[in-house]
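Input: a single structure, listed below in structure tokens.
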Amino acid sequence: MKIARTIAELPRLSDSVGLVPTMGAFHAGHLALFEAARQENDVVVASLFVNPAQFGEREDLERYPRDEERDAELAEEAGVDVLFTPSPEEMYPEGYATWVDVGELGRKLEGEFRPGHFRGVATVCLKLFNIVRPDRAYFGQKDAQQAAVIKQLVRDLNLDLEIRVVPTVRDDDGLALSSRNAYLSPEERETALALPRALATGDLGRARELLAGLDIDYVEEANFNGQRVLAAAVRVGKTRLIDNVVLEIPCQDSSWLGRTNKGEPK
Ligand code: AMP
């Protein structure tokens, strides 16, 4: 696997290219995206960039988990060909001025509690698409609104690539894998399990009941480009967690909860 630390170090790629944009601290959720990209592209590029533009002023940019050495090992084992780790200075050089705003979709739910977040996400993804020129890019259902924002960006700006969305990977206890889970103490993790349990009901009223007592940003049914989801964001101690389930699929089908990190249906 090649590690490209600058745009100039990226190899020129003529085969089909799959891009997986990430902020690192890899877990089985990231690995599922690498695997999906591996299956349908000649070359897999993973970007590792903790994008300052998508963090609010009082958010966790400074303490966001970083371990490039471990990430490089995991990416290589997962069959990633190129790990692209640009610097913030190269991505946002002095005088940087252009931003992508996807409108109302970027201002509701997550966007309401994280103003400017999706502007930062859409902008960095457009830059990564222009730099890497992938045929396909891979995103997680875990961040359902983000995936919808990216699809909107691709459609509105006539970008020539396909967006793939990979089901949420969960731990054995049901908690969706997230780099931010590392912040949770054992007690907080126990409290956090209310989130997947509430969403697993697939019912907004029940979910609200089960989450009562937690510090809730929102629990809502949302329609993202025709996909109905039950989505929530809660705070457990200093950690903010988001999760969602797709509502279209009947509840009898237990695969709707996603997969465990061992790849088994939940
Ligand atoms: P991040 O590094 O947290 O920005 O995530 C990079 C990509 O991995 C995003 O497209 C996320 O939606 C996706 N992702 C994060 N957690 C999971 C998960 N538990 N299951 C599937 N995809 C995930």
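Is it the case that T123 is hydroxyl-bearing (S, T, Y) and surrounded by fewer than 16 Cβ atoms within 10 Å (Cβ to Cβ)? No: the conditions fail for T123. Taking the criterion of being in contact with a Ser or Thr (Cβ under 7 Å, 6 or more places away or on another chain) and either at pLDDT below 95 or surrounded by fewer than 20 Cβ atoms within 10 Å (Cβ to Cβ) (or both), the residues of the range 238-266 that qualify are G258, P265, K266.
The residue list G24, G56 contains one member that is under 18 Å from the mean Cα position of the chain (by Cα), within 13 Å of the ligand (Cβ to nearest atom) and not basic (K, R), which is G24. Can you confirm whether P11 is without any contact (Cβ under 8 Å) to a residue 60 or more places away in the chain and over 20 Å from the mean Cα position of the chain (by Cα)? Answer is no for this residue. The single condition among (1) in contact with a helix residue (DSSP H, G or I) (Cβ under 7 Å, 6 or more places away or on another chain); (2) within 13 Å of the ligand (Cβ to nearest atom); (3) of a type outside the set (D, E) that V50 does not meet is (1).
Give the residues of the range 144-173 that are among the charged types (D, E, K, R) and open to solvent by less than 50 Å² (accessible area, probe 1.4 Å), sorted by residue number.
Result: R170, D171.
Quick check, is R136 surrounded by fewer than 17 Cβ atoms within 10 Å (Cβ to Cβ) and either among the basic types (K, R) or farther than 25 Å from G24 by Cβ (or both)? When the stated conditions are applied, R136 does not pass them. Remark: V50 matches the filter, which requires a residue to be of a type in the set (V, I, T) and closer than 22 Å to R119 by Cα.
The values are calculated or read from the model by the stated rules, or taken from the named source; none is laboratory data. This is a predicted model, so every value here is computed, not measured. Cβ sites come from the backbone with ideal geometry, for glycine too, and all protein chains shown count toward neighbours. Note: accessible area is taken over every heavy atom of the protein model, side chains too, but ligands, DNA and RNA are not part of it. Shrake-Rupley method; radii C 1.70, N 1.55, O 1.52, S 1.80 Å.
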